[in-house]
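Here the structure comes first, spelled out in structure tokens, and everything after it is commentary.
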Amino acid sequence: MKILSVNAGSSSLKFQMYEMPEEKVLISGVFERIGLDNGMYTLKINGEKIKKEKDLKDHSVAVQTLIDELLDNKIIESLDEIKAVGHRLVHGGEKYAESVVIDQDVIKTVEELSDLAPLHNPANLIGVRTFMELIPNATQVGCFDTAFHQTMKPEAFLYPVPYEWYEKYGVRKYGFHGMSHNYIANRCAELLGKKDSKIVSCHIGNGGSLCAIKDGKSFDTSMGFTPNAGLMMGSRSGGIDATLIPYVMQKTGKSMEEVFNDLNKNSGFVGVSGISSDSRDIEDAIAEGNERAKLSQEIYVQKIVNYIARYFVELQGLDAIVFTAGVGENSKATRAEILDKLECLGVKYDKELNDFRGEERLISTPDSSIKVYVIPTDEEVMIARDTYRLANK
Ligand code: ADP
């Protein structure tokens, strides 16, 4: 059964087509600069990359181009072969604790939740509507970034603010990166050989969040009401004292919007180092002796270690720590610096085993109190799995 896994943004659309249940990727790709000049797309088929330029006036043109490519490349013979399309949807609020078959009611609810994710939900819905129109016979499934975290208890998700903010306006911690943390929960449980386990999933990429996972369920997570909470990230501040916002507005004369833009785009690695949001550039600058780059890395590592320690206590011990996403999968230096600070918890790792990137591996030593894994995440296959399951119901 052929299934498309889709992640639609305001000007981009990423996709993978799977043969399910084998989970074989038949083709993947990304359409970029939709609605802008110089549109382009790249496809990957059998390890071969193809790049093409094409004006992509809107999402309909992108999806129609995708369909034409699927037919031209003989991935499908006819549109009827695409039985289901799974869409990544960012915000499901408290309404969705799992993936759902999309109908008009779901669209309306996701639209209503746009208040909570004004940049993402409307863009995701453009993707949904376009696929519904162009592949009307396929089951459309919505997979929410927030859904996995709906198992958090109030003591984990409530902010200590006036309770009516929660009741009236939905002010609470929602958490994000749910498809990734869920993938890690499943895969790590497989590697540990037990479902009833205590895991910290460290999804550290350009954006980053940690998730405390107990018995396969999200127990706590570092992102909050929005994805700019918790860890320091490439260009996001993560958690700060909210009072600094009016203070900086007053001092700089900037509007609230401008200060939020600074907290989202000009903070984190790029804000502290003044160099880049990309940890590769930071590592290079550190090697050249740049002090601010070194400082940004120290703050980054400190934040991550703080959360691991916190989750160690919240979960009353840990079976495993997992590193994933761009930095977690690739930066041996960051992993090493984090793990060195966890020695006080009895964490021990093998420096040679840690000297690699981008594959699944156990890097802790047999006498370590907590197992440490690197597991490349796969959010797309999670979408494909849920979509396959719901399409067959
Ligand atoms: P996103 O949050 O956008 O999905 P990714 O998970 O793909 O991001 O992570 C991208 C980030 O991963 C880059 O910005 C960079 O900081 C980091 N990264 C990627 N490759 C490496 C590497 N070889 N060494 C160190 N960091 C890397």
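Each value in this text was obtained by applying a stated rule to the coordinates, not by laboratory testing. Values in this document were obtained by computation on a predicted structure and should not be read as measured data. All Cβ positions, glycine included, derive from the backbone under ideal geometry; neighbour counts span all protein chains shown.
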- Estimated vicinal HN-Hα couplings, Hz - segment 109-115 in sequence order (Karplus 6.51, -1.76, 1.60; Gly, Pro = x): 5, 5, 4, 5, 7, 4, 3
- Item | segment 356-393 versus segment 51-130: alpha-carbon centroid distance in Å | 25
- Message: With the cut-off at 27 Å, tell me which of the pairs Lys24/Lys49; Lys49/Lys265; Lys24/Lys173; Lys51/Lys393; Lys195/Lys348 have Cα atoms farther apart than that.
- Response: Lys49/Lys265; Lys24/Lys173; Lys51/Lys393
- Task: Quickly rank 45-53, 349-357 as a protection proxy: mean count of other C-beta atoms within 10 Å, highest first.
- Result: 349-357, 45-53
- Task: Working from Cα positions, state the angle (0 to 90°, nearest 10) between the long axis of helix 256-265 and the longest principal axis of the chain.
- Result: 90
- Compute the long axis of helix 121-134 from its Cα atoms, compare it with the longest principal axis of the Cα atoms of the chain, and write down the angle in degrees, 0 to 90, nearest 10. 20
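What do the square roots of 5 times the Cα gyration tensor eigenvalues come to for segment 215-292, in whole Å, largest first, as semi-axes of the equivalent ellipsoid?
Semi-axes from the Cα gyration tensor: 23, 23, 9 Å.
I need the semi-axes of the equivalent ellipsoid of segment 156-294: take the C-alpha gyration tensor, multiply each eigenvalue by 5, square-root it, list largest first in whole angstrom.
30, 25, 9
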- Query: Taking K and R as +1 and D and E as -1, what net charge do the other residues with C-beta under 13 Å from the C-beta of Glu112 add up to?
  - Reply: -2
- Message: Using only alpha-carbon positions, what ratio does the radius of gyration of segment 318-393 give when scaled by 2.2 N^0.38 Å?
- Response: 1.34
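Per residue, how big is the convex hull of segment 259-393 when only Cα atoms are used? Give it in Å³. Walk me through the intermediate numbers first.
Working: hull volume 22.1 nm³, N = 135.
Each residue corresponds to 164 Å³ of Cα convex hull volume.
How high is the relative contact order of segment 164-223, given as a whole-number percent (alpha carbon pairs under 8 Å, six or more residues apart)?
Here the relative contact order equals 29 percent.
Hey, what number do you get for the chain at 222 nm if only DSSP H runs of n ≥ 4 count, each worth -39500 (n - 2.57), divided across all residues, to the nearest 500?
So the calculated ellipticity at 222 nm is -11500 deg cm²/dmol.
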- Note on the structure: In cubic angstrom per residue, the convex hull of segment 306-357 built on its Cα atoms measures 83
- What ranking, highest mean first, results for peptides 93-100, 135-142 when packing means the other Cβ atoms within 10 Å averaged over each residue? 135-142, 93-100
- Item | Exposure proxy ranking, count of Cβ atoms within 10 Å, fewest first, for Val322, Val381, Val161 | Val161, Val381, Val322
- Message: Could you tell me how many cubic angstrom of Cα convex hull volume segment 4-140 has per residue?
- Response: 104
- What's the center-to-center distance, using Cα atoms, between segment 262-281 and segment 173-199 in Å? 29
- Taking a cut-off of 23 Å between Cα atoms, list the lysines near Lys351, but don't count ones fewer than 8 places away on the same chain. Lys294, Lys303, Lys332, Lys341, Lys371
- Query: lysines within cross-link reach of Lys108: Cα-Cα under 20 Å, excluding same-chain residues under 8 positions apart?
  - Reply: Lys95, Lys168
- Query: Using only the Cα atoms of the chain, what do you get for the radius of gyration and for Dmax, in Å?
  - Reply: 21.4, 63
- Message: To the nearest 20 Debye, how big is the dipole of the chain about its Cα centre, given +1 on the beta carbon of each Lys and Arg and -1 on that of each Asp and Glu?
- Response: 460
- Message: To make sure I understand the rule: partners must be aspartates and glutamates, Cα under 15 Å from the Cα of Lys57, and not fewer than 8 residues away in the same chain. Which ones qualify?
- Response: Glu32, Asp37
- Item | Percentage relative contact order, segment 3-124, counting C-alpha pairs under 8 Å, at least six apart | 23
